[in-house]
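Chemist: To start, I am sharing the structure in question, which I have written as structure tokens.
The values are calculated or read from the model by the stated rules, or taken from the named source; none is laboratory data. The shown structure was predicted, so the numbers you read here are calculated from the model rather than taken from an experiment. Because the Cβ atoms are built from the backbone with ideal geometry, glycine has one as well, and the counts that use them run over all protein chains shown.
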Amino acid sequence: MRGDHQQFEKNEVQILAISVDHIWAHKAYAKSLGDLPFPLLADWDKSVSRTYGVLREETGAARRSLFLVDYRGYVRWRNPTYDWKNAEQYSELIEATLALPKIPIKKEEASS
């Protein structure tokens, strides 16, 4: 994601990462990577992970997962067990990203 961030931006996709770790752990992690070009959000109470069905209740950790949510808040694609090393899964993500509906442009915005 980090290496292709500009391509996602070009396709009007906002990347948000979320983890059940504390915000201070996020800051250290991002710093260890030389910073991230997208926000890393804290799901400290685990409510988001639980809502999306990716929280491992027995360990309190969330599975590495990806969700594409359109501008209206609808989940358009999901992979609850995403493997970032799997090229086929990454290709599926890119294909799904390109199929996301775009925010409609109002006529007056298009003419200016």
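Chemist: Give the residues of segment 5-21 that are of a type outside the set (S, T, N, Q), in a loop (DSSP other than H, G, I, E, B) and in contact (Cβ under 8 Å) with a residue 40 or more places away in the chain, sorted by residue number.
Modeler: Answer for segment 5-21, where residues must be of a type outside the set (S, T, N, Q), in a loop (DSSP other than H, G, I, E, B) and in contact (Cβ under 8 Å) with a residue 40 or more places away in the chain: Glu12, Val13, Val20.
Chemist: Also: Which one is farthest from Arg64 (Cα to Cα) among residues in segment 74-109 that are in contact (Cβ under 8 Å) with a residue 60 or more places away in the chain and of a type in the set (Val, Ile, Thr)?
Modeler: Ile103
Chemist: Please state which of the following conditions Val20 fails to meet, knowing it meets all the rest: (1) among the β-branched types (Val, Ile, Thr); (2) within 30 Å of Ile105 (Cβ to Cβ); (3) modelled with pLDDT of 90 or more.
Modeler: Every condition holds for Val20 apart from (2).
Chemist: Please enumerate the residues belonging to segment 3-21 that are surrounded by 13 or more Cβ atoms within 10 Å (Cβ to Cβ) and closer than 21 Å to Asp83 by Cα.
Modeler: Result: Asp4, His5, Phe8, Val13, Ile15, Ala17, Ile18, Ser19, Val20, Asp21.
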